[in-house]
Amino acid sequence: MQDKYVPAEVEAAAQAHWDAQNLSRVTEDPSRPKFYACSMLPYPSGKLHMGHVRNYTINDMMARWLRMKGHNVLMPMGWDAFGLPAENAAIDNKRPPADWTRANIADMKAQMKPLGLAIDWSREVATCDPGYYKWNQWFFLKMLEKGIAYKKTQVVNWDPVDQTVLANEQVVDGRGWRSGAIVEKREIPGYYLAITQYAEELLAGVTDPSHPDYLAGWPERVRLMQEHWIGKSTGVRFAFTHDVRGADGALIDDGRMYVFTTRADTIMGVTFCAVAPEHPLAQHAAASDPELAAFIAECQKGGTTEAELALKDKEGRDTGLTVTHPITGAAVPLWVGNYVLMSYGDGAVMGVPAHDERDFAFALKYGLPIRQVVQVDGETFDATRWQDWYADKARGVTCQSGDFDGLSHQGAVDAIAGVLSAKVLGEKKTTWRLRDWGISRQRYWGTPIPIIHCDDCGSVPVPEKDLPVVLPEDLVPDGSGNPLNKCAAFLNVPCPQCGKPARRETDTMDTFVDSAWYYMRYTCPDSHDAMVDARNDYWMPMDQYIGGIEHAVLHLLYARFWTKAMRDLGLVKFGEPFTKLFTQGMLGMECFYREEASGKRRWFYPSEVDIEYDDRGAPVRATAKADGLPVVLGGIEKMSKSKNNVVEPKDIIARFGADTARLFVMFAGPPDQSAAWSDSGAEGAFRFLRRVWAAAHRQQALIAGAGSSVDGCSDAARALRRTMHELLKQVSADYERLQYNTVVSGAMKMFNALEDATLTDSAADAAVRAEGYGILLRTLYPAAPHLAHALWTPLGFAERHGDLVDAPWPAVDEAALVRSEIELMLQVGGKLRGSITVPASADKAAIEAAALANSDAQRFMDGKPVRKVVIVPGRLVNIVV
């Protein structure tokens, strides 16, 4: 081996070896335990940063270690290739999204290659390939047959200038992000998937440990997030009656306005009701009230999601209408509220300001009555300020509620539900926050929905033999709507039923469809005749899924639903796709900016600024290199191209090599927590690898020529063996729990122990040294595979164990852990006064005698009589005087 560590040469040689042997390619092997470890597929944005390196190194370390443990390990990679960013880039660059996307895939794959990731590229999947999205279409049609997919109208954001539907994030201050036109709300037909049919099962998987598919291997906070999103609520659905009639003279909604509440115990505290702007009662009132109509029009600008509305100021307008309280018969004023969603429940809510914080703030804002109907012993109600106990169900007892006074929460709910049921106005009901999944997107770059519209036959599914419906890839969006609507070759087709001229559906599927099942396609990417085949039964369910917490709800929920639908249609034999889930922390980097006159921030790359540090190495000020003027220290933020605070792996690899990049991002902190990138930390990792290389070169002959017998080794060698096997035991446990930062520190401790040991020239001591290096290289290999591979053969380990990728993980020698002597801390009167060394086999009497004979103990005892001696086995001796 060469004397100097040259990462570029070492890494090129290692990768050439792995490629020549095709070592990352995996096939099904029933004779070995399988392990499927998968990172969430990336969007092909074009560039990797060190945050990506951290994510994929976690997966790679797991795969390499488990292979050494004897598992058949699958680690695939693919591309979430459809979506809006590609369309936006196409508009900006006047280039088809297909060209932009495939160029980015090639670029990102080329950036991944130098990292030495053990990816089985033979299973690569790109969701924009017709061979992949054919099965999106096929399965959609199967769900359509089973009633899981269906069509209904939906409320969308419509840009009247660009003639396109906008996502909520594309609506800025009520205007289209490109055109600046005031966005309208329109109801248009779209396709939905009935995820609510699986609500109970989806909920049980994250809440019920006795359920066979309970996700015990998921982080608790992710289970809680899913539970909240599914949102099962048990309460009462009931009607406020009214006599409001429409233009046709008929009662609107048969004279009933329904609401749902989990707090029926507070019904006697209702002082107003609020409906969504789209509610028929709101629309009726607005027809004769221009001010109300203007307010409703304003409400209909912006987003339509619960999350977005939660951020808005709560505003409302009185409709002038009233509804009738179902128990008291009192007239209740009806308001329109911008915080009420038509898509949730019945689009109406009862307002109980005294016991709901949102209603309380609304009532104060508009001078509405606040009527207390729940009390808690020892608390005083104040209608001018909110106190958390107002909403306390556990301690609250009804008051000022007539016949319902003095009841607990549940008692009041039951009693009131009984009265409403007797009046045929309501009943107990379970509702769900979860809504069916709308998959129609009025965009071009996505999976075409396989439907043909015929004037005579209606909406006709594309025959299975005609799948896939191929998306034309040469179209260039220009911001004036979906280009499929202008593509005659795509649009115009004969009806599959009657043969008359018809047109294709131009909506495409939500990209969450693409990511709902891609991990199964990895198991059988070349299956032409089926969505999945028997190979999927071998690999799935996935043993370990790795991804960001930002995907904890929608992606994971949709993947779980999609899997259950596949099970019910006989395609798979399991109900949950991911046995274990690991949510990695983000990698952050210092960011720098200036406030421009327009109020926007201009972000600087780290290479564009000079930084001054204090004595502790913390940045205290920065100036731009271009003009020497100050820039703002923005602190550590998640690496993001939008803030120009990305560190690209190619730059780090050019300076230090891929192993340094991998080693540092693992050493930076626990993988499940956020960590900060540090150039000095990367330099430290590089120095460590260089020291390992130099030591191996210096001792190559000794290590390669050593035997295997450690019998008769010196005391120093026995101490070294004990240290190495203690560390091996610890890093083995750390590998099991994915604590890769302590794996790296364990490897560093191993190397320091090998360097610090003073060994003899005996054959036994040489065997101990060689064993130690064999343990070190296998510990280090999953994190720094190139260097470990380069040293493995020259140090003689290939002859003993074969290729490092399949070398067995070293076993802990329990005999090596046995100590002949132990050190115990020595205390006198509870204060530390030194230590004693005794034989490991020493009994209590021997330990006590050694402690009392110790000169330090005698000095601090000062001749006083000993009252007792307390011994904590293996830790300390305390002499009490």
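The values are calculated or read from the model by the stated rules, or taken from the named source; none is laboratory data. Being a predicted model, the structure only gives us computed values, none of them experimental. Positions of Cβ are backbone-derived with ideal geometry, glycine not excepted, and every protein chain shown enters the neighbour counts.
When you check residue 354 against the structure, is it surrounded by 14 or more Cβ atoms within 10 Å (Cβ to Cβ), among the hydrophobic types (A, V, I, L, M, F, W, C), at pLDDT 95 or above and closer than 28 Å to residue 155 by Cα, yes or no?
So residue 354 does not fit the description; no.
Residue 216: over 26 Å from residue 542 (Cα atoms) and out of contact with any Leu (no Cβ under 6 Å at 6 or more places or on another chain), yes or no? Full working, then the answer.
Numbers: over 26 Å from residue 542 (Cα atoms): no; out of contact with any Leu (no Cβ under 6 Å at 6 or more places or on another chain): yes.
So residue 216 fails the test.
Would you confirm whether or not region 90-102 contains a residue that is of a type in the set (Asp, Glu), touching a Phe, Trp or Tyr at 6+ places or on another chain (Cβ under 7 Å) and over 24 Å from residue 789 (Cα atoms)?
no
Is it the case that residue 91 is β-branched (Val, Ile, Thr), in contact with a Pro (Cβ under 8 Å, 6 or more places away or on another chain) and over 27 Å from residue 23 (Cβ atoms)? Spell out how you get there, then give the answer.
On the way: β-branched (Val, Ile, Thr): yes; in contact with a Pro (Cβ under 8 Å, 6 or more places away or on another chain): yes; over 27 Å from residue 23 (Cβ atoms): yes.
So residue 91 fits the description; yes.
This table checks each residue for (1) at pLDDT 95 or above; (2) of a type outside the set (D, E, K, R).
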position: 517; (1), (2): yes, yes
position: 520; (1), (2): yes, yes
position: 523; (1), (2): yes, yes
position: 534; (1), (2): yes, yes
position: 543; (1), (2): yes, no
position: 550; (1), (2): no, no
position: 561; (1), (2): yes, yes
position: 565; (1), (2): yes, yes
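Go through region 836-871 and report how many residues are surrounded by 15 or more Cβ atoms within 10 Å (Cβ to Cβ) and either touching a residue at least 60 places away in the same chain (Cβ under 8 Å) or under 17 Å from residue 819 (Cα atoms) (or both).
4
Here are some conditions: (1) in contact (Cβ under 8 Å) with a residue 40 or more places away in the chain; (2) surrounded by 13 or more Cβ atoms within 10 Å (Cβ to Cβ); (3) outside any strand (DSSP E or B). Residue 655 meets all but one. Which one does it not meet?
It fails just one condition, (1).
Out of 63, 149, 106, which single residue is of a type in the set (Gly, Ala, Ser), crowded, with 23+ Cβ neighbours inside 10 Å and modelled with pLDDT of 95 or more?
Details: 149 fails: crowded, with 23+ Cβ neighbours inside 10 Å; 106 fails: crowded, with 23+ Cβ neighbours inside 10 Å.
Step by step, each of 63, 149, 106 is checked, and only 63 is of a type in the set (Gly, Ala, Ser), crowded, with 23+ Cβ neighbours inside 10 Å and modelled with pLDDT of 95 or more.
Conditions tested, residue by residue: (1) in a loop (DSSP other than H, G, I, E, B); (2) out of contact with any helix residue (DSSP H, G or I) (no Cβ under 8 Å at 6 or more places or on another chain); (3) assigned by TED's automatic domain parsing to the domain that holds residue 522; (4) under 16 Å from residue 671 (Cα atoms).
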| position | (1), (2), (3), (4) |
| --- | --- |
| 45 | yes, no, yes, no |
| 54 | no, no, yes, yes |
| 66 | no, yes, yes, no |
| 81 | yes, no, yes, no |
| 88 | no, yes, yes, no |
| 91 | no, yes, yes, no |
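One line per residue, one yes/no per condition, for (1) over 30 Å from the mean Cα position of the chain (by Cα); (2) surrounded by 15 or more Cβ atoms within 10 Å (Cβ to Cβ); (3) outside any loop (DSSP other than H, G, I, E, B):
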{"site": "468", "(1), (2), (3)": "yes, yes, no"}
{"site": "480", "(1), (2), (3)": "yes, yes, no"}
{"site": "498", "(1), (2), (3)": "yes, no, no"}
{"site": "523", "(1), (2), (3)": "no, yes, no"}
{"site": "526", "(1), (2), (3)": "no, no, no"}
{"site": "532", "(1), (2), (3)": "no, yes, no"}
{"site": "535", "(1), (2), (3)": "no, yes, yes"}
{"site": "538", "(1), (2), (3)": "no, yes, yes"}
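Restricting the search to region 361-394, which residues are farther than 11 Å from residue 271 by Cα and among the hydrophobic types (A, V, I, L, M, F, W, C)?
Once the filter is applied, which keeps residues that are farther than 11 Å from residue 271 by Cα and among the hydrophobic types (A, V, I, L, M, F, W, C), region 361-394 yields 361, 362, 364, 373, 374, 376, 381, 383, 386, 389, 391, 394.
Does region 107-116 contain any residue that is farther than 30 Å from residue 189 by Cα, part of a loop (DSSP other than H, G, I, E, B) and not polar (S, T, N, Q)?
yes
Name the residues in region 268-294 that are touching a residue at least 60 places away in the same chain (Cβ under 8 Å) and small (Gly, Ala, Ser), would you?
Of everything in region 268-294, those that are touching a residue at least 60 places away in the same chain (Cβ under 8 Å) and small (Gly, Ala, Ser) turn out to be 269, 274, 276.
Contact list please: Cβ distance under 6 Å, first residue in region 353-364 and touching a residue at least 12 places away in the same chain (Cβ under 8 Å) and assigned by TED's automatic domain parsing to the domain that holds residue 265, second residue part of a helix (DSSP H, G or I) and surrounded by fewer than 22 Cβ atoms within 10 Å (Cβ to Cβ), pairs at least six apart or on different chains.
What qualifies is 353/363; 355/391.
Output the residues belonging to region 380-436 that are of a type in the set (Phe, Trp, Tyr) and either modelled with pLDDT of 95 or more or closer than 17 Å to residue 238 by Cβ (or both).
Of everything in region 380-436, those that are of a type in the set (Phe, Trp, Tyr) and either modelled with pLDDT of 95 or more or closer than 17 Å to residue 238 by Cβ (or both) turn out to be 381, 386, 389, 390, 404.
Tally the residues that are closer than 13 Å to residue 679 by Cβ and among the hydrophobic types (A, V, I, L, M, F, W, C), restricting the search to region 603-622.
1
What's the total number of residues in region 590-618 that are touching a strand residue (DSSP E or B) at 6+ places or on another chain (Cβ under 7 Å) and under 22 Å from residue 681 (Cβ atoms)?
Of the residues in region 590-618, 12 are touching a strand residue (DSSP E or B) at 6+ places or on another chain (Cβ under 7 Å) and under 22 Å from residue 681 (Cβ atoms).
Which condition from (1) surrounded by fewer than 19 Cβ atoms within 10 Å (Cβ to Cβ); (2) not in a helix (DSSP H, G or I) is the one that residue 254 breaks?
(2)
When residue 371 is evaluated against the numbered criteria (1) among the charged types (D, E, K, R); (2) surrounded by fewer than 16 Cβ atoms within 10 Å (Cβ to Cβ); (3) touching a Pro at 6+ places or on another chain (Cβ under 9 Å), which criterion, by number, is the only one it fails?
Against the list (1) among the charged types (D, E, K, R); (2) surrounded by fewer than 16 Cβ atoms within 10 Å (Cβ to Cβ); (3) touching a Pro at 6+ places or on another chain (Cβ under 9 Å), residue 371 comes up short only on (2).
Looking at region 596-605, is at least one residue closer than 27 Å to residue 45 by Cβ and acidic (Asp, Glu)?
yes
Please determine, by comparing only the residues of region 66-86 that are over 20 Å from the mean Cα position of the chain (by Cα) and surrounded by 22 or more Cβ atoms within 10 Å (Cβ to Cβ), which one is modelled with the lowest pLDDT.
Across region 66-86, the extreme among qualifying residues is 86.
Specify which of the listed residues (846, 840, 857, 851) is modelled with pLDDT of 90 or more and within 30 Å of residue 713 (Cβ to Cβ).
846
Mind counting the residues in region 326-339 that are touching a Pro at 6+ places or on another chain (Cβ under 8 Å) and either closer than 13 Å to residue 257 by Cβ or not assigned by TED's automatic domain parsing to the domain that holds residue 280 (or both)?
The first filter runs over region 326-339 and keeps only residues touching a Pro at 6+ places or on another chain (Cβ under 8 Å), leaving 336, 338.
Filter once more, so that each one left must be either closer than 13 Å to residue 257 by Cβ or not assigned by TED's automatic domain parsing to the domain that holds residue 280 (or both): 336.
Qualifying residue count, region 326-339: 1.
Results for (1) modelled with pLDDT of 95 or more; (2) at positive phi; (3) part of a strand (DSSP E or B), shown as yes or no for each residue.
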site	(1), (2), (3)
632	no, no, yes
637	no, no, yes
642	no, no, no
645	no, no, no
650	no, no, no
660	yes, no, no
663	yes, no, no
688	yes, no, no
695	yes, no, no
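Which residue pairs have Cβ atoms under 6 Å apart, sit 6 or more places apart or on different chains, and have a first residue in region 442-471 that is without any contact (Cβ under 8 Å) to a residue 40 or more places away in the chain and a second that is in a loop (DSSP other than H, G, I, E, B)?
463/496
Out of 91, 58, I need the residue that is closer than 30 Å to residue 440 by Cβ and of a type in the set (Val, Ile, Thr). Which one?
Residue meeting the stated conditions: 91.
With the structure loaded, tell me whether residue 770 is assigned to a helix (DSSP H, G or I) and surrounded by fewer than 22 Cβ atoms within 10 Å (Cβ to Cβ) or whether it fails that test.
The answer is no for residue 770.
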